[in-house]
1. Provide the per residue accessible area, probe 1.4 Å, for the chain, rounded to a whole number of square angstrom.
2. Mind pulling the angle between the C-alpha long axis of helix 15-38 and the longest principal axis of the chain? Nearest 10 degrees, somewhere in 0 to 90.
3. In the chain, what percent of the accessible surface is made up of carbon and sulfur (1.4 Å probe, ligands and nucleic acids excluded)?
4. Using only Cα atoms and rounding to the nearest 10 degrees, what angle (0 to 90) does helix 45-70 make with the longest principal axis of the chain?
5. So for the chain, averaging the separation of alpha carbon pairs under 8 Å that are six or more residues apart and normalising by length, what relative contact order in percent results?
6. If ligands, DNA and RNA are left out, what is the accessible area of residue 59 with a 1.4 Å probe, given in Å² to the nearest 10?
7. Top to bottom by accessible area (1.4 Å), largest first, where do 27, 48 land?
8. Among 25, 50, 39, which residue has its Cα furthest toward the positive end of the charge dipole of the chain, with +1 on Lys/Arg Cβ and -1 on Asp/Glu Cβ?
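The values are calculated or read from the model by the stated rules, or taken from the named source; none is laboratory data. Note that the coordinates shown come from a computational prediction; the quantities given were computed from them, not determined experimentally. Reconstructed Cβ throughout: ideal geometry from the backbone, glycine too, with neighbour counts over all protein chains shown. Just the protein is used for accessible areas: all its heavy atoms, side chains included, with ligands, DNA and RNA removed. Shrake-Rupley method; radii C 1.70, N 1.55, O 1.52, S 1.80 Å.
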Amino acid sequence: MKASEFNKSLAAKSEAELKDELLSLAREHFNLRMQLATGQLTQMHRIRDVKRNIARVKTAISTRSTVEQAG
């Protein structure tokens, strides 16, 4: 999924859904790191993609909390 598509999907989600997405991505990142450590990881780019998606979700969460505080 492209970054713009991912960001649009994040905009449509609620706060609870964003936190669930963050938890899911954190678990995936952990699993990828374990695969890397054991030599089982074949798609190295997945680690970078997941880390960037985690950052996107965190940005969406903080943006929403900032907007709510201002409004």
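1. 73 Å²
2. 20 degrees
3. Details: 2750 of 5220 Å².
After summing per-atom areas, the C and S share lands at 53 percent.
4. 20 degrees
5. Rounded, it is 41 percent for the chain.
6. Counting only protein heavy atoms, the figure is 80 Å².
7. On the way: 27 145, 48 120 Å².
From most exposed to least exposed: 27, 48.
8. Most positive-ward Cα: 39.
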